[in-house]
1. Go through the range 163-217 and give me each residue that's of a type outside the set (A, V, I, L, M, F, W, C) and within 14 Å of Gly128 (Cβ to Cβ).
2. Hey, can you tell me all the residues within the range 30-43 that are surrounded by fewer than 18 Cβ atoms within 10 Å (Cβ to Cβ) and touching a residue at least 40 places away in the same chain (Cβ under 8 Å)?
3. Got a number for residues in the range 226-238 being surrounded by fewer than 16 Cβ atoms within 10 Å (Cβ to Cβ) and without any contact (Cβ under 8 Å) to a residue 12 or more places away in the chain?
4. Looking at the range 152-170, I want the residues that are without any contact (Cβ under 8 Å) to a residue 12 or more places away in the chain and have a partner that is in a loop (DSSP other than H, G, I, E, B) and surrounded by 21 or more Cβ atoms within 10 Å (Cβ to Cβ) with Cβ atoms under 8 Å, at least 6 apart or on another chain. Which pairs are those?
5. Residues Pro149, Pro138, Pro173, Pro98: which one is surrounded by fewer than 21 Cβ atoms within 10 Å (Cβ to Cβ), without any contact (Cβ under 8 Å) to a residue 60 or more places away in the chain, in contact with a Lys or Arg (Cβ under 8 Å, 6 or more places away or on another chain) and not small (Gly, Ala, Ser)?
6. Looking for whichever is more than 22 Å from Gln43 (Cα to Cα) and either in contact with a Ser or Thr (Cβ under 8 Å, 6 or more places away or on another chain) or touching a residue at least 12 places away in the same chain (Cβ under 8 Å) (or both) here; the options are Gly203, Gly217. Which one fits?
7. Evaluate the range 209-224: report whether one residue or more is within 16 Å of Ala39 (Cβ to Cβ), of a type in the set (A, V, I, L, M, F, W, C) and modelled with pLDDT under 95.
8. Are any residues in the range 81-99 closer than 16 Å to Ser175 by Cα, touching a strand residue (DSSP E or B) at 6+ places or on another chain (Cβ under 9 Å) and among the aliphatic types (A, V, I, L, M), and if so, which ones?
Amino acid sequence: MGIDPHPALLEAWGLGVDAVGVREFSRRSLEAFGDLVPAIKPQVAFFEEHGSAGFAVLEEVLASIVEAGALSIADAKRGDIGSTMAGYARAWLAEGSPLACDALTVSPYLGVASLDAAFDAATANDRGLFVLARTSNPEAVGLQAATGPSGTVAQMVVDEVGHRNAASGPGAPGSFGVVVGATVAEPPRLDDLSGPVLMPGVGEQGGTAEDVRRIAGPALPRTLVNVSRHVLRSGPDVGAMRAVVRDLAETYRFAESD
């Protein structure tokens, strides 16, 4: 589940478009589904836009996710090189950092190897990464579906992440995953990833359970289906949001034979 305190949602909930509103939005969201889902993904941009006060709220939210017993995925999509990437890695993945999360989304489009500091920090601190591979936004096609000697750019990203997971040993799932949207017509192959898949794009964006099966393939047991707006639009009533989450959980509960 995502926590996306978009200004329009804050207003729809009768909250201020400020850090106070974001805090109350996040509190109600966690009350609604913190105990119902395995992982919760705050959208960092909607906290960051409120400056230091917004980051303070995000720190509280990340701590509350831990208290709820869920995994925290900070959707920050960080990506840079060298010492700058190392700074991002310390901020989000180092033990004791106030922004430390269980997993961080990162962008590989300065080269997958530019994320080495994040891969190293995640390994050292038993955390994970989700690397953007094939996202569902239409603007992504020209870049991510471009082809080279080893296939599409998206496939090259998936293969490189899978190669890094191979260091975990034969048959052992790795801590490095990829982001692949549920509305992608021609997704990358995930057969050799040996890591988790974060799959947004269901609900409001039109992705279905059949799309998830088709795209995930053999990675289905390791796929986290993310939903945000479809649930949050049923707020601010906590009971209404819980009901939607339970319905979605039934829809996306795949049998082991799938």
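The values are calculated or read from the model by the stated rules, or taken from the named source; none is laboratory data. From a predicted model like this one, the values you see are computed outputs, not experimental measurements. Quick reminder, even Gly has a Cβ in these numbers, built from the backbone with ideal geometry, and neighbours come from all protein chains shown.
1. Going residue by residue through the range 163-217, those that are of a type outside the set (A, V, I, L, M, F, W, C) are 163-165, 168-171, 173-175, 177, 181, 183, 186-189, 191-192, 194-196, 200-201, 203-208, 210-211, 213-214, 217.
Of everything in the range 163-217, those that are of a type outside the set (A, V, I, L, M, F, W, C) and within 14 Å of Gly128 (Cβ to Cβ) turn out to be Arg164, Asn165, Ser168, Pro173, Gly174, Ser175, Gly177, Ser194, Gly195, Pro196.
2. Scanning the range 30-43 gives Glu31, Leu36, Pro38, Ala39.
3. 1
4. From residues that are without any contact (Cβ under 8 Å) to a residue 12 or more places away in the chain, the pairs are Ala167/Gly174.
5. Working: Pro149 fails: in contact with a Lys or Arg (Cβ under 8 Å, 6 or more places away or on another chain); Pro138 fails: in contact with a Lys or Arg (Cβ under 8 Å, 6 or more places away or on another chain); Pro98 fails: in contact with a Lys or Arg (Cβ under 8 Å, 6 or more places away or on another chain).
The unique qualifying residue is Pro173.
6. Details: Gly203 fails: more than 22 Å from Gln43 (Cα to Cα).
Criteria check complete, one pass: Gly217.
7. no
8. First, pick out the residues of the range 81-99 that are closer than 16 Å to Ser175 by Cα: 89, 92-94.
Applying the additional criterion that residues be touching a strand residue (DSSP E or B) at 6+ places or on another chain (Cβ under 9 Å) yields 89, 92-93.
Ala89, Leu93 - these are the residues of the range 81-99 that are closer than 16 Å to Ser175 by Cα, touching a strand residue (DSSP E or B) at 6+ places or on another chain (Cβ under 9 Å) and among the aliphatic types (A, V, I, L, M).
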